[in-house]
1. Starting from region 4-18, keep only residues that are under 19 Å from G64 (Cα atoms) and assigned to a loop (DSSP other than H, G, I, E, B), then list their pairs with residues that are at pLDDT 75 or above and of a type in the set (S, T, N, Q) whose Cβ atoms are within a distance under 7 Å, requiring at least 6 positions of separation or different chains.
2. Can you say whether A70 is surrounded by 16 or more Cβ atoms within 10 Å (Cβ to Cβ), in contact (Cβ under 8 Å) with a residue 40 or more places away in the chain and within 16 Å of G22 (Cβ to Cβ), as far as the supplied structure shows?
3. May I ask you to verify whether A97 is part of a helix (DSSP H, G or I), touching a residue at least 24 places away in the same chain (Cβ under 8 Å) and touching a helix residue (DSSP H, G or I) at 6+ places or on another chain (Cβ under 7 Å)?
4. Hey, any hits in region 29-40 for a residue that's surrounded by 14 or more Cβ atoms within 10 Å (Cβ to Cβ), assigned to a helix (DSSP H, G or I) and in contact with a helix residue (DSSP H, G or I) (Cβ under 9 Å, 6 or more places away or on another chain)?
5. In region 44-62, what count of residues is obtained for those that are out of contact with any helix residue (DSSP H, G or I) (no Cβ under 8 Å at 6 or more places or on another chain), under 21 Å from G10 (Cα atoms) and among the hydrophobic types (A, V, I, L, M, F, W, C)?
6. Given the criterion among the β-branched types (V, I, T), at pLDDT 95 or above, touching a strand residue (DSSP E or B) at 6+ places or on another chain (Cβ under 7 Å) and part of a strand (DSSP E or B), identify the matching residue among V43, V79.
7. Could you tell me whether any residue of region 29-43 is more than 20 Å from H19 (Cβ to Cβ), in contact with a Leu (Cβ under 9 Å, 6 or more places away or on another chain) and not polar (S, T, N, Q)?
8. Across region 46-69, what is the number of residues that are part of a loop (DSSP other than H, G, I, E, B) and within 14 Å of L85 (Cβ to Cβ)?
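The values are calculated or read from the model by the stated rules, or taken from the named source; none is laboratory data. In this text, all values refer to a predicted model and were calculated from it rather than measured experimentally. No Cβ is skipped: glycine too gets one built from the backbone with ideal geometry, and neighbour counts run over all protein chains shown.
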Amino acid sequence: MGKPEKPQKGRVVWNHSTHLPGLIAILTQLSEYEGIQTITPAVLGSTKSNMHSLNIKVSVPIRGGFKLIARKGKTFQEVFLLTTLSKEQLEEAIAEALE
């Protein structure tokens, strides 16, 4: 008989050299949740309004998961997350990771 299977951990894809300050630590925590498979930080951009602390919001569903918007200061970053979690479960996981 083979070894019992461990729950598979998600992964954070590093395809950019720049990220919002503190974002990678939060995404790494999120990758530990069961049901989260792949997290890919994407486009960085600027906004007019100022967000003092890091905030992550579930934006729209995509095929196999959700698009997230992370904001800190006057900068935002899109994050694509592949998961089997519902929107509500994902929002709970994000809230826990941000604590």
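1. K9/S31; G10/S31; G10/Q37; G10/T38; V13/T38; V13/T40
2. yes
3. Considered against the rule, which asks whether it is part of a helix (DSSP H, G or I), touching a residue at least 24 places away in the same chain (Cβ under 8 Å) and touching a helix residue (DSSP H, G or I) at 6+ places or on another chain (Cβ under 7 Å), A97 comes out as yes.
4. Yes - at least one qualifying residue is present in region 29-40.
5. Residues that pass the stated criteria total 2.
6. None of the other options fit; the residue is V79.
7. Yes, because at least one residue in region 29-43 is more than 20 Å from H19 (Cβ to Cβ), in contact with a Leu (Cβ under 9 Å, 6 or more places away or on another chain) and not polar (S, T, N, Q).
8. Looking only at that region, the number is 1.
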